[in-house]
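Quick notes on the structure that follows.
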Amino acid sequence: MLLCLLPTAGVQAGDLAGAGALAADVFGFEVRTLPPLAVPDATFDARRGQHDSSLVLATALDLCPPDATRLLVLTGLDLAIPMLTFVFGQAQLDGRGAIVSLARLRPEFYGLPPAPAVLAERLRKEVLHELGHTCGLVHCTDQGCAMSLSVNIVFIDRKKARLCRDCGARLAARLETMRRGADPAEE
Amino acid sequence: MNSRWRILVVDDEVAMRESLAAWLREDAYAVDIAASGREAVAMAAETAYDIYFIDLKMPPGINGIETMMEIRKRQPDATVVIVTAYATVDTAISAIKEGAQEYMVKPCNPEEISIFVQRVIRLKSLERENTYLRRRLSRRYSFQDIISKNPKMQAVFELVRRVAGQRSTVLIQGASGTGKELVARALHQAGGRASRPFVGLSCAALAETLLESELFGHERGAFTGAVARKRGKFELAGDGTIFLDEIGDIPPKLQLDLLRVLQERRYFRLGGSEEIVMEARVVAATNRDLLAAVESGEFREDLYYRLNVINIQLPTLRERREDIPLLVDAFIGRLAIEAGRPVRGIAKDALKLLLDHDWPGNVRELENAVERAVVTASGDILEAGDFDFLARAARTSERWEVPDGLSLDEIEKRAVEAVLARTGGNIKAAAEILGIDRSTLYMKIRKYEIPR
Ligand SMILES: [Zn+2]
Ligand SMILES: [Zn+2]
């Protein structure tokens with residue numbers, strides 16, 4: 001099962017390595033990193049100074065190689081959807097694509113000094129969360145579980161970069177069917 | 001799981017409705033989208049959503065406030081959130097005045113919307129819990145498929161429980177629509193015969209010779225037209241139950257035949273020489289005063305006593321008015337699903353109207369009335385107006401004639417009305433008379449807004 005990792009300009013090699021390692025360890029994906037995506041201007045909302053995460057993800061999916069089971073976009077851009085002031089990331093529930101933004105994971109965004117270890121840990125949580133959605137997992141009420149909903153950075157820091165037992169079992173079952181070649185996301 | 005909670009996102013902007021719906025789906029809500037107020041109102045008529053997110057500005061057609069008012073008319077319990085791009089005090093106030101629970105300015109903070117949705121769902125869960133408790137209560141008062149907390153009916157349940165396992169003949173007496181067949185089935189089920197046949201036959205509907213062959217079966221050539229051997233109801237019932245409804249209407253010759261079967265528990269097929277043993281339990285029912293029929297010589301006294309080994313008398317609905325709320329609740333629960341309508345309950349004044357009604361047709365008439373109201377109601381709560389037809393049926397029903405100058409639609413509408421009046425609102429019977437299936441009839445009733 002192939003996961004294509006698609007960075008936009010400004011994403012560091014270390015960020016990609018961290019995301020790729022999680023996808024390989026937890027999901028068992030074979031990871032291939034694609035050349036960086038040039039994000040079209042049309043995805044930018046000048047009034048809000050943010051990019052529309054649905055549009056960026058749609059653009060990326062158009063470029064995704066057909067043999068990829070999943071596509072994960074990693075971006076430094078600040079993302080939002082029309083209804084919400086921001087999103088940390090977005091995924092197609094039971095679908096193929098997911099996107100995670102580093103913008104609001106960086107301590108600098110909150111006026112704090114850079115902290116690479118903190119950023120790496122937050123990124124692992126969000127990659128696990130969004131890829132979890134693509135495998136059919138929905139939000140979990142366990143606040144320590146990576147699948148719990150994070151509406152601000154405190155929520156992200158409160159949870160761990162792993163799944164609770166229920167979500168873990170659900171993911172294992174789903175990965176098992178995917179390995180046997182049946183993936184609802186492809187239908 | 002949250003997936004039971006249904007949300008409708010209404011917005012003319014595709015990016016807006018798609019992305020909000022996707023975000024909510026991650027929380028496991030069942031989310032649908034509508035691109036206009038009209039579409040939303042149409043969808044709300046089919047599905048009772050728990051929460052509606054409605055964009056205020058939606059040209060062309062009906063705007064957000066109007067959409068909300070339309071939806072609230074049908075579903076007073078629904079939670080409506082009005083979404084707008086600009087915060088203006090005026091629109092906020094008018095939205096809240098018209099019944100919006102919340103007013104959100106987009107873009108809004110994920111925390112705000114998430115907390116709001118969770119709060120609404122928590123409240124709605126409590127409401128559901130209450131409904132569930134009410135249903136449990138109705139189960140406490142139910143025996144097999146019969147629901148009652150009336151002392152007379154409770155005594156009937158007790159008797160049924162006691163004699164269900166026996167083979168003695170049972171005579172059930174009660175006015176039409178009081179549930180005689182249900183009691184017969186309860187006897188069958190509770191007596192451990194559930195896996196064996198339950199065979200029913202209405203003795204009033206058939207001519208004497210036909211009834212005879214229906215009951216006992218016949219051999220090939222037993223009479224003209226008997227081209228093959230046919231097994232009778234007694235035989236088909238095996239060691240289960242045979243339910244003879246309207247036993248008071250069987251002709252004298254058959255009364256004698258039946259008496260013999262009950263005495264000897266064996267009989268012959270018509271034209272047959274092979275003796276057949278009758279193993280079924282016989283349950284008979286009638287809405288006539290059989291003792292009076294015995295006195296006037298219409299019904300054999302010996303057969304009467306053979307049948308009346310165990311006697312069950314069913315009260316009329318008038319005698320058990322306290323059951324009306326329980327029954328209505330149970331009927332709504334079942335019929336709303338069968339008819340695919342978003343009805344969840346009944347308003348107080350509507351229930352009062354039902355409590356005051358005379359119900360000459362008893363529980364069956366009540367069920368028919370609820371069914372008709374469920375099909376035609378515009379909201380998710382049955383209102384007094386949904387039962388207008390009860391008052392109209394009470395007035396004399398005119399004969400229907402085809403006046404000149406009517407469109408085909410108008411004629412169809414009147415035909416449906418006339419048949420419904422004749423069947424006392426019984427959808428199933430009306431559909432049979434009209435030769436269409438029930439869902440088609442439902443459609444026509446809605447199309448022509450018949451009870452209104
Ligand atoms: Zn999520
Ligand atoms: Zn979990």
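Hey, B:R265 hits all of (1) open to solvent by less than 10 Å² (accessible area, probe 1.4 Å); (2) basic (K, R); (3) on the phi > 0 side of the Ramachandran plot but one; which does it fall short on?
Single failed check for B:R265: (1).
Please go through the range B:8-26 and give me each residue that is hydrophobic (A, V, I, L, M, F, W, C), within 7 Å of chain A (Cβ to nearest Cβ) and in contact with a helix residue (DSSP H, G or I) (Cβ under 7 Å, 6 or more places away or on another chain), ordered by number.
B:A15
When the range A:137-154 is examined, which residues are found to be more than 16 Å from ligand 2 (Cβ to nearest atom) and touching a helix residue (DSSP H, G or I) at 6+ places or on another chain (Cβ under 8 Å)?
Selection gives A:V151, A:N152, A:I153.
Looking at (1) within 16 Å of ligand 2 (Cβ to nearest atom); (2) open to solvent by 10 Å² or more (accessible area, probe 1.4 Å); (3) more than 10 Å from every other protein chain (Cβ to nearest Cβ), which is the one condition that is false for A:T134?
(2)
Somewhere in the range A:108-130, is a residue open to solvent by 10 Å² or more (accessible area, probe 1.4 Å), in contact (Cβ under 8 Å) with a residue 40 or more places away in the chain, within 14 Å of another protein chain (Cβ to nearest Cβ) and away from ligand 2 (no atom under 13 Å from the Cβ)?
no
Test of understanding: among B:Y141, B:Y103, B:Y86, which residue is over 28 Å from the mean Cα position of the chain (by Cα), crowded, with 17+ Cβ neighbours inside 10 Å and at pLDDT below 85?
B:Y103
Would you check which residues across the range A:58-102 are in contact with a Pro (Cβ under 8 Å, 6 or more places away or on another chain) and aromatic (F, W, Y) and list them?
Within the range A:58-102, A:F86 is the sole residue that qualifies.
Within the set of pairs 6+ apart or on separate chains, which have a first residue in the range A:66-88 that is away from chain B (no Cβ under 14 Å) and buried (at least 24 other Cβ atoms within 10 Å of the Cβ), a second that is part of a strand (DSSP E or B) and among the polar types (S, T, N, Q), and C-beta atoms under 6 Å apart?
Cβ pairs passing all conditions: A:T75/A:T8; A:T75/A:S101.
Could you tell me how many of the residues in the range A:155-167 are open to solvent by 30 Å² or more (accessible area, probe 1.4 Å) and within 13 Å of ligand 2 (Cβ to nearest atom)?
The number of residues fulfilling the criteria is 5.
Checking A:A172 against (1) without any contact (Cβ under 8 Å) to a residue 24 or more places away in the chain; (2) open to solvent by 10 Å² or more (accessible area, probe 1.4 Å); (3) within 14 Å of ligand 1 (Cβ to nearest atom), which single condition isn't satisfied?
(3)
What number of residues within the range B:158-180 satisfy the criterion of being part of a helix (DSSP H, G or I) and in contact with a helix residue (DSSP H, G or I) (Cβ under 7 Å, 6 or more places away or on another chain)?
Taking the range B:158-180 and keeping what is part of a helix (DSSP H, G or I), we get B:158-163, B:180.
Okay, now just the ones that are also in contact with a helix residue (DSSP H, G or I) (Cβ under 7 Å, 6 or more places away or on another chain), so B:160-161.
Within the range B:158-180, residues that are part of a helix (DSSP H, G or I) and in contact with a helix residue (DSSP H, G or I) (Cβ under 7 Å, 6 or more places away or on another chain) number 2.
Inspect all residues belonging to the range A:27-38 and state whether any of them is β-branched (V, I, T) and crowded, with 22+ Cβ neighbours inside 10 Å.
So far as the range A:27-38 goes, no, none of its residues is β-branched (V, I, T) and crowded, with 22+ Cβ neighbours inside 10 Å.
Residue check: is A:C167 within 14 Å of another protein chain (Cβ to nearest Cβ), part of a helix (DSSP H, G or I) and within 14 Å of ligand 1 (Cβ to nearest atom)?
yes
What pairs come out if I take residues in the range B:21-49 that are more than 10 Å from B:L8 (Cα to Cα) and pair them with residues that are part of a helix (DSSP H, G or I) and within 16 Å of ligand 2 (Cβ to nearest atom) whose C-beta lies under 6 Å away, six or more apart or interchain?
Close Cβ pairs (under 6 Å, with a partner that is part of a helix (DSSP H, G or I) and within 16 Å of ligand 2 (Cβ to nearest atom)) amount to B:E26/A:H133.
Please count how many residues of the range B:44-67 are of a type in the set (A, V, I, L, M, F, W, C) and at pLDDT 90 or above.
First, pick out the residues of the range B:44-67 that are of a type in the set (A, V, I, L, M, F, W, C): B:44-45, B:48, B:51, B:53-54, B:56, B:58, B:62, B:65.
In the following step, the residues that additionally are at pLDDT 90 or above were identified as B:44, B:51, B:53-54.
The qualifying residues number 4.
Could you tell me which numbered condition A:N152 fails, if it satisfies all but one of (1) more than 15 Å from ligand 1 (Cβ to nearest atom); (2) open to solvent by 20 Å² or more (accessible area, probe 1.4 Å); (3) not small (G, A, S)?
Every condition holds for A:N152 apart from (1).
For the range B:168-220, give me the residue count where each residue is β-branched (V, I, T) and buried (at least 22 other Cβ atoms within 10 Å of the Cβ).
Of the residues in the range B:168-220, 4 are β-branched (V, I, T) and buried (at least 22 other Cβ atoms within 10 Å of the Cβ).
Only residues that are out of contact with any strand residue (DSSP E or B) (no Cβ under 7 Å at 6 or more places or on another chain) and within 14 Å of chain A (Cβ to nearest Cβ): list them for the range B:27-41, please.
B:D27, B:A28
Determine whether B:Y52 is buried (at least 17 other Cβ atoms within 10 Å of the Cβ), hydroxyl-bearing (S, T, Y) and either more than 13 Å from chain A (Cβ to nearest Cβ) or farther than 20 Å from B:D380 by Cα (or both).
Answer is yes for this residue.
Quick grid of which residues meet (1) part of a loop (DSSP other than H, G, I, E, B); (2) open to solvent by less than 40 Å² (accessible area, probe 1.4 Å):
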site: B:G333; (1), (2): no, yes
site: B:E338; (1), (2): no, no
site: B:L353; (1), (2): no, no
site: B:N368; (1), (2): no, yes
site: B:E371; (1), (2): no, yes
site: B:S378; (1), (2): yes, no
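The values are calculated or read from the model by the stated rules, or taken from the named source; none is laboratory data. If you're wondering where the values come from, they're calculated on a predicted model, not measured in any experiment. So basically every Cβ, Gly included, is an ideal-geometry build from the backbone, and we count neighbours across all protein chains shown. Heads up: the accessible areas ignore ligands, DNA and RNA and are worked out on the full protein's heavy atoms, side chains in. Shrake-Rupley method; radii C 1.70, N 1.55, O 1.52, S 1.80 Å.
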